Amino acid sequence: MTGSKIVPVILAGGSGTRLWPISRDSLPKQFLGLGSAKTFYQETLLRLPEAGESVADPIVVTSDDFRFFARRQAAEVGVEATVVLEPARRDSAAAMIVAARIAQERYGDDCLVLALAADHLVPDAATFRRACMTAASVAEEGYIVTFGITPTEPRTSYGYIKPGAPLAVPGGFKVERFVEKPDRATAETYLSEGYLWNSGNFIFPAALMIAEAEKFEPEIAAGALAAVAGATEDLGFIRLNKAAFLATPAKSIDYAVLERTDRAAVIEGRFAWSDIGSWDAVRELGTPTEEGNVTFGPVSLLDSRNAFVHSEGPLVTGIGLDGFTVIASDDAILVMPTDRSQDVKHLVAGLKKEKRNEANEHIKIHRPWGTYET
């Protein structure tokens, strides 16, 4: 057991483009269940190490638009969370620095921040918690630790990490190399050379992350820290200073710090994991028929194979589908070859340029006092 206070931080402010039309900017995937009784955000909260003497209640960083989702969905699963509101999207670097400062102010310089994405799937919570304790022991030695995942196949949609020299804590390694999403041939090479998938989840000493950010990205660090210094409380939410946060450059924590610091380490997370970053990944959650079809919702197929059909509204029927994905909501339908699922974000970008309301908003609009349909 680690001797430092672990402060879980859930990053829940992302947009909803990759799983369009079910996930949209007005209600992104982290607050959806996609067939489960609990949302991805709730599942993330429930697999945290249990709050107590060594683990604090979580801090959730999200946008003003999602503040009531974040609070209500946490309460529904019995979790008391501090909800921090970003005035605008500034990617993960600013959010990480904000969370590190708030944790540092509450629990001291030696506290550890366990930073997790709100929209990932990890079915084995017990194995995940054990990995958190191992990673915390590595972080206590002065490292920013990322959770690497043993690849199951040469995925081209994930970044990769090459583990380097082993550290004193068993299971911990220095990071030798971060690499971006490769082509398939390169990914196959990475698997043979022992690379891990980069899950984008981290644990680190709060003071170390702030110091490294100040070294490599002083403008981002200054803006994020000023936003915390000028924060106000509003109905129990922590509202970051708008002017300071808007002046903060947008950059991911990987580019801002992780790929530049000499204090990066990795542990191998021996648990199943997916970032649910495409409809391909959602398909893998289902059980295929003998014909290779996976369906969810009101769907009827004839003479079809290797099809994925997901409907959250109308009955969807298909004849002779082969290798196609169909996603239906109340007001939009997506049809594509299954191997084009990584291109959905480009389609949505085009819809936004056309100023199509369906690109951002659902028919059902959620508000603090309830919902209504347009």
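For the stretch 279-373, pairs of C-alpha atoms spaced more than 19 angstrom apart make up 47 percent of the total.
Around the Cα centre of the chain, unit charges on the Cβ atoms of Lys, Arg, Asp and Glu (plus for the first two, minus for the last two) sum to a dipole of about 460 debye. Under the simplified labelling scheme, the Glu176-Ile363 pair shows an inter-label distance of 5.5 nm, with each label point 7 Å from Cα along Cα→Cβ. On the beta carbon distance between Glu80 and Thr150, with R0 = 35 Å, the FRET formula returns roughly 0.55.
If you stretched the chain out fully between Arg72 and Ser15, how much longer would it get, using 0.36 nm times the residue separation minus the C-alpha to C-alpha distance? Don't skip to the answer; put the middle values down first.
Values: separation 57, 0.36 × 57 = 20.52 nm, distance 1.93 nm.
Between Arg72 and Ser15, full extension yields 18.6 nm more.
Computed with a 1.4 Å probe over protein heavy atoms only, the accessible area of Leu167 comes to about 40 Å². Seen against the Cα atoms of the chain and their longest principal axis, helix 125-139 is set at about 30 degrees. On full extension, the segment bounded by Ser252 and Ala211 gains 13.1 nm, given 0.36 nm per residue less the C-alpha separation.
Could you state the accessible area per residue of the chain in Å², with a 1.4 Å probe and every protein chain left in place?
On the way: 16500 Å² over 374 residues.
Heavy-atom accessible area per residue stands at 44 Å².
What FRET efficiency do you get for Thr186 and Glu233 if R0 is 51 Å and r is their Cβ-Cβ distance, rounded to the nearest 0.05? Using R0 = 51 Å, I get an efficiency of 0.55.
Quick one: ranking His310, His346, His362 by accessible area, 1.4 Å probe, largest first, what do you get?
Working: His310 5, His346 115, His362 30 Å².
Accessible-area ranking of His310, His346, His362, largest first: His346, His362, His310.
Simple point charges give the picture: +1 on the Cβ of Lys and Arg, -1 on the Cβ of Asp and Glu, and for the stretch 221-260 a dipole about the Cα centre of about 120 debye.
Antiparallel as a % of all DSSP beta bridges within the chain, to the nearest 5? Display every interim value, and only then the final one.
Numbers: 32 of 67 bridges.
The antiparallel proportion sits near 50 percent.
Indicate the gyration tensor shape class of the stretch 32-122 (rounded, prolate or oblate), computed on the Cα atoms with a ≥ b ≥ c the square roots of the eigenvalues: a/c under 1.5 is rounded; otherwise a/b larger than b/c is prolate and the rest oblate. List each step's numbers first, then the result.
Details: a/c = 1.82, a/b = 1.25, b/c = 1.46.
Oblate shape, in that a/c is at least 1.5 and b/c is the bigger or equal ratio.
Helix 67-76 and the long axis of the chain differ in direction by around 90°, with both axes built from C-alpha atoms. Relative to the longest principal axis of the Cα atoms of the chain, the long axis of helix 218-229 makes an angle of roughly 90 degrees.
Estimate the FRET efficiency between Ala349 and Ala272 by the formula 1/(1 + (r/R0)^6), using the beta-carbon distance for r and 41 Å for R0, to the nearest 0.05.
Working: r = 31 Å, r/R0 = 0.76.
Between Ala349 and Ala272 the formula returns 0.85.
In percent, how large is the relative contact order of the stretch 279-373, given Cα pairs closer than 8 Å and 6 or more residues apart? Once normalised by length, the contact order is 17 percent.
When you restrict to C-alpha pairs under 8 Å that are six or more residues apart and normalise by the size of the chain, the relative contact order lands at 19 percent.
The figure for Arg47 is an accessible area of roughly 10 square angstrom, using a 1.4 Å probe on the protein chains alone. Centroid-to-centroid, using Cα positions, the stretch 160-217 and the stretch 1-38 are 22 Å apart.
Report in % the part of the accessible area of the chain that belongs to carbon and sulfur, leaving out ligands and nucleic acids; probe 1.4 Å. It would help to have the intermediate numbers written out before the result.
On the way: 8070 of 16500 Å².
The nonpolar share, carbon plus sulfur, comes to 49 percent.
Each Lys and Arg adds +1 at its Cβ and each Asp and Glu adds -1 at its Cβ; summed about the Cα centre, the stretch 1-88 shows a dipole of about 280 debye.
The values are calculated or read from the model by the stated rules, or taken from the named source; none is laboratory data. This one's a predicted model, so the numbers in the text were calculated from it and none came from an experiment. Using ideal geometry, Cβ is built from the backbone for each residue, glycine included, and neighbour counts are taken over all protein chains shown. The area values use the complete protein model at the heavy-atom level, side chains included, leaving out ligands, DNA and RNA. Shrake-Rupley method; radii C 1.70, N 1.55, O 1.52, S 1.80 Å.
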